[in-house]
Every structure is written in C-alpha cells, then in structure tokens.
Amino acid sequence: MGRPGQRDKYNVRSTQQFVMNKKSHKKKQKRRTRNKENIIEDVANTKEDAKDTQAEESEKPKQELCYEIKHSKEMGRYITASRDIKAGEVIIEAPALVVGPCSGCALICLGCYREVDETNITKCTGCKWPLCSRSCPGLGKYTGHSTYECVTLKTITPNYNDIEDLKDSYQAIAPLRCLLLKREDPDKWAAISSMEAHNDIRRARGDIWPMNDRNVVQRLKKWGLEYDDEEIHTVCGILEVNAFEVGGSGANARALYDAAFLLAHDCTPSTTHTDAEHKPGRPLTIRASIPHKAGDIISLCYAYTLQGTLRRREHLKLSKFFECGCRRCADPTELGTQASALRCPRCGARVLPAAPLQPAAPWRCGCGYGAAPAAVQALLRRLTEELEQIDANDVLGFENFLSKYRNVLHDSHYLFLSAKHSLSQLYGKVSDYMIHQMPEELLHRKVEICRDLMKVFDVIEPGYSRLRGITLYELHAPLMVLTTRDFEKKAITKENLRNRLKEIVSYLTESALILGFEPRHSPEGLMAAAARDALKKIKTWEHIIGKIS
C-alpha cells in the first residue's frame, strides 16, 4: 500500500497548516514569508554527490528496529510496533532516496527549492537552469542539483522567454531524478522501485495518466531522453503515492524515503515527522506522538487533519487511490470534535452526515431537519473559497468570517478551526496586535481561541504533535501578559499568582519538549528555544511567591 506524505505540513511553517486547498494556502504563506534570493551559480565538480551520506550512515551504530513489516489484503504492507514504544521515541530515521520539486510549484532553485525572482533569474553556469546562489547548499548533492543532473540538463536549455512553460517543465524534474538513479545509484533505484505505483488504478482514471503523459512522458521525449513510457509512468505513480512533502522557510519539495512509506494511514495519526533540510541526505525522522503497545499499527495521516471527513476522503481517493474508513471517518461527530458539523437553521443544534462513509447519504439534525449532500458540498465549496480569499495577515477578516457564519457552522467546524488557527498566530505578532499592546479583551480572545483549538487537537493529533506544541506556546503568551498586569495592579492573590504561573509553566514545558524535536533553526525549533527562555524568566517570580512547582 502506498504511503504518502505530507509533512504534517501544518507545522507552523507557521501555517502551512490548514486550509482546505493546500496550494492556495501556500500562496497565502508566500505573501507572508516570501524568499526571493537570487544569485549566480556554479556547479561543484564531484562525481560522488549521489553517495554523500554513505560514510556518515556507516559510522552510526546499528539499532534494533522497534517495528516489523506486515501485510494484509486490505492494507497492503504496513508496520506495527514490535515492542512498546514511548511517546517521543524515534521509530524511523532515514536519508532521502530522492528529492525534487513539487508538482505545480513556482519557479524555484533546483538546488535548495527556494523561489526565485522571475524578473532576475540566476542561471547555473553548467546547464543554465535556475539556481539561487553561488553558495547554494544543494549544489553537487543528490538531494539538490547534482553533477549528473547538471550534465543531463546541459543539452536541454530552459526557455526563459516562456516562464509558464518553464514552470510546467519542473513537473518532470523529480521523475527524471528518480530515473537517473537507475544508472547513478542502483541501490536507491531498487528501493524506489519496490514502492507501490497503483498503475492499474491510475491508468483507469481519465485525469492522472493523461496529465503525466503530457507533462512528464512527452516532456522527457522532447528533451531527447530515452526512457520507457511505462517506466516513466511508474515513477510518476511512486512519487504521487509515496512522496513526503519536505522543507520550510520558503522552500518546498517532495522526497521519497525508504521504510517511511510503509506507515499506514489514519486520520488521527500516531506519529509526527520532521525532515532535516540542512543535514547530509536530508533525513526524515518519524517519532511516536503517543505511546504504542507491541502490535499497535504505526500510522501517519495522508490528508490534512484539520479538514472535515468529506474533504479528507475526497483527497485520499483522488490522490492516494483508496477510501478511508478509519474510526474518525466512520464517526459522524469525528470522535466528538464536531469538525464537520453544521448549525441547524431550525433549532440551532448539529446537522451531521447520516452515513459519513457514504458521500451520497443525507445530512440530518435530531429535530428532523435534513440537508441534501449536494447542497452541503456546494456550501462548503463557497465558504472555503471565501476563507481562502482572506489575506494571511487580516485579523479582522478572519474574525468577520467567524462572526458571519456562526449560525451556519459549528464552533469547531474545520473551516472555523482554520480561521482560528490563523488568528492564534496573528494575535500578538502583527501590527496593531502586538502582544504587550493588546487590550485585555483581545488577550482573553487569544486565550479562548487557543483553548478551542486545543480541545480538538488533543483528539485529532494527540500527544507530541506540532499542532499541540505550537498552540501551547501561543496559549502561554496572553496568559503571561494578563498575569503580569494583574500582579502590577495588585489584583491577584499570591496563591492565584502561583496557580497561574504553574499553568503557564506546564504549557511552556510541554511546548519546549514537543518543538525541541524539530531542527534547531526551523520556525518550530526557534519557538522551542523561546519557550525555554520564557521558562527561565518565570523562575524570577520565585523570589516573590516562593517555589512555583
């Protein structure tokens, strides 16, 4: 069974997080954190770039696996815990087999995957394809713009007079990098070839196969590269089914990893994963977000956990070629979170799908009110489009959305969760809403929003998940400011002060632990450092109130 991968990519890359349509959401993020470094590039002459992690890997002591591979007719290959696994424990750590641009990406550097300025393009001196800088960390490495790729592309001059066509050509880069491994690194090629491509299913579809034929197969032929059509389609399928989205800080790519692709899907995943962009081989680390007992299935979510059941199942069927029937999908209440619930126009209670695993089933309220599934889907499409039109920094825009549809959507509907998640990170961090300038009313609003999110995150992404780590950090800030103000006004007793500080310490401690698993210089890693600094500062309160804990 193919295993996808999104990188929980709601990981506060600070908000690759949740909105229904991932691509449009990423456009929002680029408005907030656009990286347009452009410089000149040289290709390093090293024939060993495809094997730059082997020495490091060979030095590591071999550890006993904590999982075993199993197989079933329904699930294909998957992995289960071979012993008890603690929350936070590393389950898999593996270097990338191949890394390449995401399908449908903007114009990016082929070495580090950061977007480049279309009006000031820097060209590789070897092959003339776009790069970012003379010191790009991806130059000469198999995880970026390798020497053998540069040699291959040297005779394929990109058309800078047609930028849209150049962008389209990026769809062929990741498949080409897989195919080049057949000659350059047979071991990696063998590992990739063992992955599921679902060719029969994809061939029967009227969209994916023709699209790949047009954008990849014919493109490689136009470039004069001799590869078998079926083999190219197979590689496209392997990438579609098994690739993990990786990167951050303005860079986005997709990568294939050995073993990691075997994790089963669940809409309430039991793991979290992180890729180390700056380490040799760009390794992926999969950790247990919750404890596992021996025999437990080890899972991740192939969809976006903050979408509702309709959207998740639609995504999984279209892109991963199976229909999910997990506990969350089968429960109309989504495990009590009400993440898909609508407001009943008749009585104000919840309108839920009568049979969530059957998209054509009606939606009903306990009072007898009913809604046709087509009407529900049309409503969700319209509201999704409206939400995605809100600027990423528009606090009032998100608040107005919540107010406008408070009688249409349940408080924890996934569209509201998306708006609230954006607000949880905007309050305290953008102009006119800086944390120490916010009035008490807005500080309490941020606390309320974070608590609303935590109620849902504790269910759909329990344990050591980024969503929880980030939101716990966001929750501590307004509580700390409110507590400080109350203390300065002498409006709080010593005992209440101690209790509030204990609560804040607990949030910071867990946030620092969870986000401490992330790369040190990533947004999450920096947030972990900030949480640790905040904990040190709270210690200064102890001479006033005595021991906090």
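The values are calculated or read from the model by the stated rules, or taken from the named source; none is laboratory data. These numbers were taken from a predicted model, which means no experiment stands behind them. No Cβ is skipped: glycine too gets one built from the backbone with ideal geometry, and neighbour counts run over all protein chains shown. Ligands, DNA and RNA are stripped out before the accessible areas are found, and what is left, the full protein with its side chains, is counted by its heavy atoms. Shrake-Rupley method; radii C 1.70, N 1.55, O 1.52, S 1.80 Å.
Points to keep in mind about this one:
- Only one of 299, 319, 270, 289 that is within 16 Å of the chain's Cα centre (by Cα) and surrounded by fewer than 19 Cβ atoms within 10 Å (Cβ to Cβ): 319
- Residue within the range 353-372 that is without any contact (Cβ under 8 Å) to a residue 24 or more places away in the chain, crowded, with 21+ Cβ neighbours inside 10 Å, touching a strand residue (DSSP E or B) at 6+ places or on another chain (Cβ under 9 Å) and in a strand (DSSP E or B) present: yes
- Any hit, the range 519-526, residues being open to solvent by 80 Å² or more (accessible area, probe 1.4 Å) and either farther than 29 Å from residue 284 by Cβ or without any contact (Cβ under 8 Å) to a residue 24 or more places away in the chain (or both): yes
- Residue in the range 409-431 that is modelled with pLDDT under 95 and either under 21 Å from residue 462 (Cα atoms) or over 24 Å from the mean Cα position of the chain (by Cα) (or both) present: yes
- Residue count, the range 160-192 (criterion: of a type outside the set (A, V, I, L, M, F, W, C) and either open to solvent by 60 Å² or more (accessible area, probe 1.4 Å) or in contact with an Asp or Glu (Cβ under 7 Å, 6 or more places away or on another chain) (or both)): 9
- Matching residues, the range 459-484, being closer than 21 Å to residue 438 by Cβ, open to solvent by 30 Å² or more (accessible area, probe 1.4 Å) and modelled with pLDDT of 95 or more: 473, 480
- Matching residues in the range 157-169 - criterion: being under 28 Å from residue 185 (Cβ atoms) and touching a Lys or Arg at 6+ places or on another chain (Cβ under 9 Å): 157, 158, 168, 169
- Residue in the range 324-345 that is in contact (Cβ under 8 Å) with a residue 12 or more places away in the chain, within 26 Å of residue 302 (Cβ to Cβ), among the small types (Gly, Ala, Ser) and in a helix (DSSP H, G or I) present: yes
- For the range 75-131, filtering for residues that are part of a loop (DSSP other than H, G, I, E, B) and either closer than 29 Å to residue 464 by Cα or not acidic (Asp, Glu) (or both) leaves 29.
- Number of residues in the range 269-304 that are modelled with pLDDT of 95 or more and among the hydroxyl-bearing types (Ser, Thr, Tyr): the value is 6.
- When residues of the range 193-211 are limited to those that are of a type in the set (A, V, I, L, M) and under 21 Å from residue 259 (Cα atoms), the one surrounded by the fewest Cβ atoms within 10 Å (Cβ to Cβ): 197
- Condition met for residue 403 (hydroxyl-bearing (Ser, Thr, Tyr) and surrounded by fewer than 22 Cβ atoms within 10 Å (Cβ to Cβ)): yes
- Pair list, Cβ < 9 Å and 6+ apart or interchain, from the range 487-514 residues that are touching a residue at least 40 places away in the same chain (Cβ under 8 Å) and outside any loop (DSSP other than H, G, I, E, B) to residues that are surrounded by fewer than 19 Cβ atoms within 10 Å (Cβ to Cβ) and of a type in the set (Lys, Arg): 498/547
- Within the range 432-454, no residue that is among the β-branched types (Val, Ile, Thr) and surrounded by fewer than 12 Cβ atoms within 10 Å (Cβ to Cβ) sits with its Cβ atom under 6 Å from a residue that is in a helix (DSSP H, G or I) and modelled with pLDDT of 95 or more at 6+ positions apart or across chains.
- Among the residues making up the range 236-266, a single one is more than 24 Å from residue 79 (Cβ to Cβ) and part of a helix (DSSP H, G or I): 236.
- All of (1) open to solvent by less than 30 Å² (accessible area, probe 1.4 Å); (2) at pLDDT below 90 hold for residue 508 with one exception: (2).
- Selected residue [among the charged types (D, E, K, R), open to solvent by 70 Å² or more (accessible area, probe 1.4 Å) and at pLDDT 50 or above] from 51, 62, 47: 62
- Any chance residue 380 is hydrophobic (A, V, I, L, M, F, W, C) and open to solvent by less than 20 Å² (accessible area, probe 1.4 Å): yes
- Extreme residue, farthest from residue 532 (Cα to Cα), among residues of the range 491-505 that are at pLDDT 90 or above, open to solvent by 60 Å² or more (accessible area, probe 1.4 Å) and out of contact with any Ser or Thr (no Cβ under 6 Å at 6 or more places or on another chain): 491
- In the range 160-183, the condition of being farther than 30 Å from residue 78 by Cα, touching a residue at least 12 places away in the same chain (Cβ under 8 Å), of a type in the set (Val, Ile, Thr) and touching a strand residue (DSSP E or B) at 6+ places or on another chain (Cβ under 8 Å) is met by no residue.
- Selected residue (criterion: farthest from residue 227 (Cα to Cα)) from residues of the range 143-167 that are in contact with a Gly (Cβ under 9 Å, 6 or more places away or on another chain) and part of a helix (DSSP H, G or I): 167
- Test result for residue 381, of a type in the set (Lys, Arg) and not in a loop (DSSP other than H, G, I, E, B): yes
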